[in-house]
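Read the structure below first, then the notes.
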Amino acid sequence: MNLTKANMKKLLLLIAGGVVLNAAVQHLDLLGVFLRVALGLITPFLAGSAIAFVINVPMRQVEDRLFPPLAPGKKPGRLRRAKRPISFVVTLLLLCGLLAVIFFLILPEIGRTLQNFVDRIPVFAQQTQEWGEQLMEQYPEVVDVLSRISIDWEKLSQGFIDLAQNSMSGVLNSTLDLASSIIGGVVGSVVAIVFAAYILLQKERLGRQFRQLLYAFLPEHHADRITEVGTLSYRTFSRFLSGQCLEAVILGCMFFLTMSILRFPYALTISVLITVTALIPIFGAFIGCIVGAFLILTVDPMQALWFVILFLILQQVEGNLIYPHVVGSSVGLPSIWVLAAVTIGGSVMGIAGMLIFIPLCSVFYTLLRHSVLNRLRARKIPQEKILFPKKLSDITFVRHGKAPVVDGPPESDGADWDEETEPAGEQQTQEETEEQPDSPEAPAQETEQAGEQDETKEAGEKKP
């Protein structure tokens with residue numbers, strides 16, 4: 001190994017990394033404390049970045065609607081110079097109004113339903129008592145079994161008293177912890193909102209500064225790759241957010257129309273509730289179903305059963321027809337990987353994981369797809385080796401290094417990643433033929449044409 005300046009720099013970095021790793025392994029407890037403190041410090045800024053990303057999607061639409069592009073040569077007015085703050089304020093007002101409508105529409109209905117349920121508790125208790133008396137009359141042996149059970153009521157009451165005393169001290173400590181966490185949450189929320197506002201108002205400037213840092217401290221090809229992945233991630237997350245909101249609105253409208261036609265109670269409230277919960281991919285609508293069934297159950301138990309059946313029908317229509325086309329096509333991810341991303345994300349990070357893992361897996365899927373296609377082109381793998389045969393007789397095996405004998409390319413409905421490659425047996429266009437001069441038939445054709453030209457020249461010389 002030549003001890004050049006570059007190699008010495010790499011060696012020093014490797015030694016420093018080994019020292020840091022050794023110190024971290026020997027002091028894992030201090031490392032955990034440091035990571036918790038660091039995470040607590042950057043959490044408001046991460047939350048602010050997420051809020052800015054979410055608000056930026058509708059804000060771009062509002063800005064395009066309020067301030068369309070100027071004609072060439074026309075100078076922007078004073079109002080157009082303030083288009084970003086105006087669009088930001090209008091977007092915040094629209095979002096706050098939407099949240100207010102949702103809360104004022106859903107929460108009062110849920111409160112009234114809970115109050116009706118509490119009012120009907122004495123009726124339920126009376127019915128339960130009558131059912132118990134009928135059971136004892138029909139089965140006298142139950143009374144004999146209960147009479148043989150001896151219960152020390154004094155010891156049981158003392159246990160309840162001790163539990164209450166211990167719980168009071170725990171409640172006091174938990175109250176203090178809850179108050180401190182609420183104050184910290186409020187402060188963190190304010191910091192996150194202010195940070196999001198700064199990002200949205202100066203996003204072009206921040207983006208330009210970030211690119212300057214990349215190209216100043218990294219090689220150009222690395223900076224290009226990071227910029228490409230960042231652009232792909234931003235586009236994928238934006239499309240997923242727009243598609244998820246559109247899918248939730250479609251599902252809510254379907255429930256409102258069907259419930260209004262079938263005259264279910266709480267049609268508008270349950271439809272809005274399902275629209276909100278459907279923002280959680282795949283499993284979110286089931287939360288709205290449970291709450292909606294509970295609301296209808298307090299009015300008519302039979303209608304609650306029919307509502308569950310209606311929900312299952314509409315959920316099948318939405319899951320098989322609407323969701324794959326609206327959300328799956330917007331992020332470019334097949335349905336099976338959407339389900340896998342939601343399941344894994346929910347088990348790792350809960351509801352936030354369900355929302356994040358779908359576009360994250362879509363970015364990984366796109367990058368992996370491009371890498372696979374580039375490798376296949378570089379290795380010049382024939383198309384018939386990639387497509388899966390429908391018949392067992394089409395499967396051939398390579399023995400002793402000999403190429404398999406294939407009667408013809410197998411029929412296929414198309415591979416998962418073959419959008420940029422031609423199916424087997426299809427004629428190539430003139431442009432694709434010019435881009436692939438290394439095919440084995442091209443040299444033979446050029447040789448034959450050159451031979452024909454030589455023969456023509458010789459015949460012309462012999463004619464005189």
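Scoring 185-195, 82-92 by mean Cβ neighbours within 10 Å over their residues and listing the highest first yields 82-92, 185-195. Projected onto planes of every orientation and averaged, the convex hull of the alpha-carbon atoms in the range 17-74 covers 7.9 nm². For the range 327-368 and the range 219-255, what is the separation of their Cα centres, given in Å? Here the two parts' Cα centres lie 11 Å apart.
Assuming a ≥ b ≥ c are the square roots of the Cα gyration tensor eigenvalues, decide whether the range 212-377 counts as rounded (a/c under 1.5), prolate (otherwise, with a/b larger than b/c) or oblate. The shape class here is prolate. Taking other Cβ atoms within 10 Å as a rough exposure proxy, S181, S271, S233 sort from fewest to most as S181, S233, S271.
Could you tell me the distance between the Cα centroids of the range 15-70 and the range 178-208, to the nearest Å? Measuring centre to centre over Cα atoms gives 12 Å.
For the range 230-341, what relative contact order do you get, as a whole percent, if you take Cα pairs closer than 8 Å and at least 6 residues apart? Computed over the range 230-341, the figure is 30 percent.
Where a number appears in this text, it was derived from the coordinates with a stated rule and is not lab data. Note that the structure is predicted; figures quoted are calculated from it, not measured. Cβ atoms come from the backbone with ideal geometry, glycine included; neighbour counts cover every protein chain shown.
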